[in-house]
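Novice: Submitted below is the structure of interest, expressed as structure tokens.
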Amino acid sequence: MTFTRRFLMAASAAALGLATGAAAQDKTKVGFIYVGPVGDGGWTYEHNQGRLAVEEEFGDAVETVFVESVPEGPDAERVLTQMALNGADLIFTTSFGYMDPTINVAAKFPNVKFEHATGYKRSDNVSTYGARFYEGRAVQGHIAGSMTESNVIGYIGSYPIPEVIRGINSAYIHAKKVNPDVEFKIIWAYTWFDPAKEADAAKALIEQGADVILQHTDSTAPQAAAQEAGNVITFGQASDMAEYAPKPRVSSIIDNWAPYYIDRVRAVVDGTWESTDTWDGIGAGMVGIGEISDVVPAEVKAEALALKDEIASGAYHPFTGPLKKQDGSDWLAEGESADDGTLLGMNFYVEGISGDIPQ
Amino acid sequence: MLTLERRPEPNRRVALLTPIIAVVTTMIVGGLLFGALGTNPITAIETIFWEPLFGEFAFYYRPQLMVKGAPLVLIAIGLSLGFRAGIWNIGAEGQYIIGALCGAGVGLAFYPTESWLIFPLMVIAGAFGGFVWAMIPAILKTRFGTSEILVSLMLVYVAEQFLASMALGLMKNPEGFGFPGSRNLQQYASAHNAELFTGTGMHWGVVAALIAVIAAYVLLNRHMLGYHIRLTGEAPRAARFAGVNPTRLVLFCLGTSGALAGLAGLFEVSGPAGMVSIDFNVGYGFTAIIVAFLGRLHPVGILLAGLLMALTYIGGEIAQSNLGLPAAAIQVFQGMLLFFLLAADLLTNYRIRLARTEAA
């Protein structure tokens, strides 16, 4: 009985939805395409939070649609075409692998605006956007270097791409600054999201003596592994992962796409949208530092927050010389800071990190 | 009370009907699922099955059915030969990857030379790559009696690591600012598996899939080897007495399915996908197993099953976007299809009897 009633209610709700949809033709329609499920607790989850923030902000003036777990490649191209055909005005493509499909579809639909995350190809109706996560890594590195007792910090890399290498370098530089004896052990998981592989990597690093685990993968499995091991601390990645606070999770890097998404949707609504390239960090609010828990001593916490503020205000750049590359050659002179071009294509470790970047 | 009674002979009429029963049951139970999620079930089913074929934008979706269905059919045809003979290649996904890597590797090696010879060479390399990858479980099985199921499956993961290594290293686009992924073959005319007629979705992979369907049909019905395959599957002892050489059969079935999976990979990487990327493979090799069984291991059945599967993918995406259904609901829906098919299969060999229980 209950079932029948729900069934009927669902049916009438859907009918209602259709009616209102037909009535409001001038709504701005915004599409989102996700590489993972919205419940991944990391990367896709935060993009979806951004979408929900757009709905909240604009209410009835904007309609959002999304398709999740879309493989990068021809499937993405089809989903994008489908959204464009169905009247989307603006589409956010939220993974690096959607780059070529986005460019292809954008060429076919010159009146639809596209926003591609973390890529490098633009056109008249394709903008790119990304976040300076390495700024957050600097704060993490500072806490990690101050907290480690074994002087071994484990790092779970996803893929050896500039984005991830930048994070490793930034964390290393700032850990080393507070603790010259610090050593990084890096494991490449070759996945963005695979709880089993991430847990294995975390366990292996802990066995090798690491008492701090940094991760560039999206699941909470490393947090669980650290909790099980006891005296190991971790940082939330992409999402706050507050369910593991105050320990092992002592802080986090949070992707905060909401302000950017709201801005760009407003630009389309107002008719002022232009193709741009955005790379924002802590200052613009795109990169958030999650609550530093009480496990971290008060003076370390104060230093970390001061570092965060300096980066936010632009007074300090996490890649400031003197810095050398791993092979000992000079990179940045005293006081010189890295240019964005080098950072975007970063394919080398800084001096002091051992091991090779896999090719 | 209901009891199951074994049929003296498998019922042929029921065997042909089971896919239809499975599809209809999936629609009903799937509809209930969608209803429970707050979506009008009729709208949902209509969106998935009707919209891509006859909806407003069918002009776009119909060609996409071929693009999505072609690799499934091509791989499933190869797998069905082995499955009929009781030779289980579960690793088509790996052969698909290696085929794509070999084919793309040949194309990229020639870049930027333009010649009509390049694409045919890539096709040969793609088939050869898949063939070699399938020969590993084949030779291990015939020489040492290992399980081709385990070996072929494990080699999928090896192939995936190999793919990641290629996308990040050897085949990485030198003009890609250090980002992973190869050059886009869609922008290299000699290596591009383009649409043969614009807007039709018809590319060489679709042509190859159709040829494979016809060739498999002829092989199974008109050829001694096809007869041996069927005989080995249906009556292994009789096959041995009839002089079927099991070693040759294993090599043939695994080799053919590997080569076809490799071809599918090559046509995909040089056409719709365009580039070697870390996540190039999206599960065609595994989905093709469902397609092979849904198509009753019959070439024409596989063709229809491949198109049906493609339809649920494309319709499923429309349902997600237009109706807000979660991806997981669509995947459950696809899973149901195989589940109900296997359940309905029971009716081929058994019949349901209403037996009266006597009061104790």
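The values are calculated or read from the model by the stated rules, or taken from the named source; none is laboratory data. These figures come from a predicted structure and were not determined experimentally. Don't worry about glycine lacking a Cβ; one is built from the backbone with ideal geometry, like all the others, and counts go over all protein chains shown.
Novice: What is the number of the single condition among (1) of a type outside the set (Phe, Trp, Tyr); (2) modelled with pLDDT under 95; (3) more than 20 Å from B:SER277 (Cα to Cα) that A:ALA88 does not meet?
Specialist: The failed condition is (2).
Novice: Might you let me know whether the stretch A:323-335 holds any residue that is in contact with a strand residue (DSSP E or B) (Cβ under 8 Å, 6 or more places away or on another chain), surrounded by fewer than 15 Cβ atoms within 10 Å (Cβ to Cβ) and within 14 Å of another protein chain (Cβ to nearest Cβ)?
Specialist: For the stretch A:323-335, residues in contact with a strand residue (DSSP E or B) (Cβ under 8 Å, 6 or more places away or on another chain), surrounded by fewer than 15 Cβ atoms within 10 Å (Cβ to Cβ) and within 14 Å of another protein chain (Cβ to nearest Cβ): absent.
Novice: What pairs come out if I take residues in the stretch A:47-76 that are within 14 Å of chain B (Cβ to nearest Cβ) and pair them with residues that are among the basic types (Lys, Arg) and outside any strand (DSSP E or B) whose C-beta lies under 7 Å away, six or more apart or interchain?
Specialist: What qualifies is A:GLU63/A:LYS27; A:THR64/A:ARG51; A:PHE66/A:ARG51.
Novice: Report, by residue number, each residue of the stretch B:274-322 that is free of Cβ contacts under 8 Å to residues at least 24 places away in the same chain, assigned to a loop (DSSP other than H, G, I, E, B) and over 12 Å from the mean Cα position of the chain (by Cα).
Specialist: B:ASP279
Novice: Among the residues of the stretch A:86-95, are any more than 15 Å from A:LYS113 (Cα to Cα), assigned to a helix (DSSP H, G or I) and within 13 Å of chain B (Cβ to nearest Cβ)? It would help to see each step written out before you state the result.
Specialist: Taking the stretch A:86-95 and keeping what is more than 15 Å from A:LYS113 (Cα to Cα), we get A:95.
Among the residues that remain, those that are also assigned to a helix (DSSP H, G or I) are: none.
No, the stretch A:86-95 contains no residue that is more than 15 Å from A:LYS113 (Cα to Cα), assigned to a helix (DSSP H, G or I) and within 13 Å of chain B (Cβ to nearest Cβ).
Novice: Return yes when B:VAL250 is part of a helix (DSSP H, G or I) and either surrounded by fewer than 17 Cβ atoms within 10 Å (Cβ to Cβ) or on the phi < 0 side of the Ramachandran plot (or both) and no when it is not.
Specialist: Yes; evaluated as a whole, the condition is true for this residue.
Novice: A further question on this structure: One residue is enough: does the stretch B:14-26 have a residue meeting the conditions more than 11 Å from every other protein chain (Cβ to nearest Cβ), farther than 13 Å from B:ALA344 by Cβ and assigned to a helix (DSSP H, G or I)? Write out each step before concluding.
Specialist: Step one: of the stretch B:14-26, the residues more than 11 Å from every other protein chain (Cβ to nearest Cβ) are B:14-26.
Subsequent filtering for residues that are farther than 13 Å from B:ALA344 by Cβ retains none.
The answer is no, given that none of the residues of the stretch B:14-26 is more than 11 Å from every other protein chain (Cβ to nearest Cβ), farther than 13 Å from B:ALA344 by Cβ and assigned to a helix (DSSP H, G or I).
Novice: Can you find, within the stretch A:97-133, the residue that is nearest to A:GLY290 (Cα to Cα) among those that are in contact (Cβ under 8 Å) with a residue 40 or more places away in the chain and part of a helix (DSSP H, G or I)?
Specialist: A:PHE133
Novice: If I filter the stretch B:98-118 for residues that are over 17 Å from B:HIS298 (Cα atoms), within 11 Å of another protein chain (Cβ to nearest Cβ) and not aliphatic (A, V, I, L, M), do I get at least one hit?
Specialist: No - not one qualifying residue is present in the stretch B:98-118.
Novice: If we keep just the residues of the stretch B:165-202 that are closer than 17 Å to B:ALA264 by Cα and away from chain A (no Cβ under 11 Å), which is surrounded by the most Cβ atoms within 10 Å (Cβ to Cβ)? Break it down stepwise before answering.
Specialist: Taking the stretch B:165-202 and keeping what is closer than 17 Å to B:ALA264 by Cα, we get B:185-186, B:191-196, B:201-202.
Going one step further and asking which of them are away from chain A (no Cβ under 11 Å), we end up with B:191-196, B:202.
Numbers: B:ALA191: 28, B:HIS192: 18, B:ASN193: 24, B:ALA194: 13, B:GLU195: 17, B:LEU196: 12, B:MET202: 17.
Looking at residues that are closer than 17 Å to B:ALA264 by Cα and away from chain A (no Cβ under 11 Å), I get B:ALA191.
Novice: Now, a different point. Going residue by residue through the stretch B:335-346, is there one that turns out to be facing chain A (nearest Cβ under 9 Å) and without any contact (Cβ under 8 Å) to a residue 12 or more places away in the chain? I'd like the intermediate steps shown before the answer.
Specialist: Filtering the stretch B:335-346 down to residues facing chain A (nearest Cβ under 9 Å) leaves none.
There is no residue in the stretch B:335-346 that is facing chain A (nearest Cβ under 9 Å) and without any contact (Cβ under 8 Å) to a residue 12 or more places away in the chain.
Novice: Separate question: What's the number of the only condition in (1) at pLDDT 90 or above; (2) in a helix (DSSP H, G or I); (3) surrounded by 18 or more Cβ atoms within 10 Å (Cβ to Cβ); (4) away from chain A (no Cβ under 11 Å) that B:LEU53 fails to meet?
Specialist: All conditions pass for B:LEU53, except number (3).
Novice: Give the residue that is surrounded by the most Cβ atoms within 10 Å (Cβ to Cβ), with candidates limited to residues of the stretch A:336-359 that are within 11 Å of chain B (Cβ to nearest Cβ) and among the aliphatic types (A, V, I, L, M).
Specialist: Within the stretch A:336-359, the first condition is being within 11 Å of chain B (Cβ to nearest Cβ), and the residues that meet it are A:341-348, A:357-359.
Pick out the ones that are also among the aliphatic types (A, V, I, L, M) and you get A:343-344, A:346, A:357.
Values: A:LEU343: 21, A:LEU344: 16, A:MET346: 25, A:ILE357: 19.
If we take residues in the stretch A:336-359 being within 11 Å of chain B (Cβ to nearest Cβ) and among the aliphatic types (A, V, I, L, M), then A:MET346 is surrounded by the most Cβ atoms within 10 Å (Cβ to Cβ).
Novice: Now for a different question. Confirm whether B:ILE330 is assigned to a helix (DSSP H, G or I) and under 30 Å from A:LEU90 (Cα atoms).
Specialist: Here the answer is yes, as B:ILE330 does meet what is asked.
Novice: Which of the residues belonging to the stretch B:279-320 are at the interface with chain A (Cβ under 9 Å from one of its Cβ atoms) and modelled with pLDDT under 90?
Specialist: Within the stretch B:279-320, just B:ASP279 meets the criteria.
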